[in-house]
Amino acid sequence: SDGAPLPFLGHYGYYLLRNGRADEAFHALQDALQPIHRENAIPSATARALADLGDTYRTLGNPKEAAALLDEAEASQRRKQFEGDWADFVLTYRAKLEPDPNNALKLLQQAKMIQIRLQNVMGEARTLLLEARLVGDEAIITKHKKRLVELRGMRPALLHCRRLTKIIDHWDAWISGKADPGGGADFYWWL
């Protein structure tokens, strides 16, 4: 159907972005969101692609366009009551876009509460990592790392996740705000 390419291209764009290929992600997500693909696509896939394109704009240095896309994704997710997607995508992406770490942490706390209530282990792990990157409180960071180890034991996907392994292997660099040891330009190491 006409809507079938959107989820595929959206996932592909997400994959490209998480692997540091923001320019390619931008083109894949723009393609995914062409009107011909959007009109018959399921709303959750469209909102996710919008949010991912917003995070792509963030990595490319365009916060204004990123915020506009997150607004559009959020409106759809809230209207359709896609609370899990709202927490996983819009709230965490807004936190990464937020210049004030305290405001970012409030957004992440909101996302984490939803993820815990919905038993979303993967989302909770990502949010804990983002909080650990920003919080600057050793007691909270220690608690987060302990919880991340627990979550890894609960999900094989987390146990084998290269990004999580990289962050844990370079934990001191992660929590101190240092650059990606792999040379990536994204403050959040493409998480």
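Taken over the stretch 160-184, the criterion of being farther than 17 Å from Thr142 by Cα and either touching a helix residue (DSSP H, G or I) at 6+ places or on another chain (Cβ under 9 Å) or not small (Gly, Ala, Ser) (or both) is satisfied by His160, Cys161, Arg162, Arg163, Lys166, Lys178, Ala179, Asp180, Pro181, Gly182. In the stretch 87-105, the qualifying residues are those that are surrounded by 14 or more Cβ atoms within 10 Å (Cβ to Cβ) and charged (D, E, K, R), and the one that is farthest from Tyr57 (Cα to Cα) is Asp88.
The set of residues in the stretch 43-54 that are open to solvent by 30 Å² or more (accessible area, probe 1.4 Å) and either basic (Lys, Arg) or touching a Gly at 6+ places or on another chain (Cβ under 7 Å) (or both) contains only Arg48. When restricted to residues that are over 19 Å from Val90 (Cα atoms) and either in contact (Cβ under 8 Å) with a residue 40 or more places away in the chain or in a helix (DSSP H, G or I) (or both), the stretch 10-27 contains 5. Would you point out the residue of the stretch 139-174, among those that are acidic (Asp, Glu) and more than 20 Å from Asn19 (Cα to Cα), that is surrounded by the fewest Cβ atoms within 10 Å (Cβ to Cβ)? Selected residue: Asp172. Please verify whether the stretch 65-75 includes one or more residues that are within 24 Å of Asp180 (Cα to Cα) and out of contact with any Ser or Thr (no Cβ under 6 Å at 6 or more places or on another chain). Yes; the residues of the stretch 65-75 include at least one that is within 24 Å of Asp180 (Cα to Cα) and out of contact with any Ser or Thr (no Cβ under 6 Å at 6 or more places or on another chain).
Being free of Cβ contacts under 8 Å to residues at least 12 places away in the same chain and under 16 Å from the mean Cα position of the chain (by Cα): is that true of Lys146 here? It is false that Lys146 is free of Cβ contacts under 8 Å to residues at least 12 places away in the same chain and under 16 Å from the mean Cα position of the chain (by Cα). Taken as a whole, the condition of being open to solvent by 40 Å² or more (accessible area, probe 1.4 Å), out of contact with any strand residue (DSSP E or B) (no Cβ under 6 Å at 6 or more places or on another chain), in a helix (DSSP H, G or I) and more than 20 Å from Pro101 (Cβ to Cβ) does not apply to Arg126. Scanning the stretch 55-86 for residues that are more than 17 Å from Pro7 (Cβ to Cβ), small (Gly, Ala, Ser) and open to solvent by less than 20 Å² (accessible area, probe 1.4 Å) turns up just one, Ala66. Picking from Lys106, Lys112, which residue would you name as being part of a helix (DSSP H, G or I), among the basic types (Lys, Arg) and touching a helix residue (DSSP H, G or I) at 6+ places or on another chain (Cβ under 7 Å)? Result: Lys112 is the single residue among Lys106, Lys112 that is part of a helix (DSSP H, G or I), among the basic types (Lys, Arg) and touching a helix residue (DSSP H, G or I) at 6+ places or on another chain (Cβ under 7 Å).
Tell me whether the stretch 96-103 contains one or more residues that are closer than 25 Å to Lys178 by Cβ, assigned to a helix (DSSP H, G or I) and basic (Lys, Arg). Yes, the stretch 96-103 has at least one match.
When Gly177 is tested against (1) part of a loop (DSSP other than H, G, I, E, B); (2) on the phi < 0 side of the Ramachandran plot; (3) in contact (Cβ under 8 Å) with a residue 12 or more places away in the chain; (4) surrounded by fewer than 15 Cβ atoms within 10 Å (Cβ to Cβ), just one condition goes unmet, and that condition is (2). Report yes if Ala132 is closer than 24 Å to Arg58 by Cα, among the hydrophobic types (A, V, I, L, M, F, W, C) and modelled with pLDDT under 95, otherwise no. Against the criterion (closer than 24 Å to Arg58 by Cα, among the hydrophobic types (A, V, I, L, M, F, W, C) and modelled with pLDDT under 95), Ala132 does not qualify.
The values are calculated or read from the model by the stated rules, or taken from the named source; none is laboratory data. Here the structure is a predicted model, which means the values were calculated and not measured. Ideal geometry is used to build each Cβ from the backbone, glycine not excepted, and the neighbour counts take in all protein chains shown. For accessibility, only protein heavy atoms count, side chains too; no ligands or nucleic acids. Shrake-Rupley method; radii C 1.70, N 1.55, O 1.52, S 1.80 Å.
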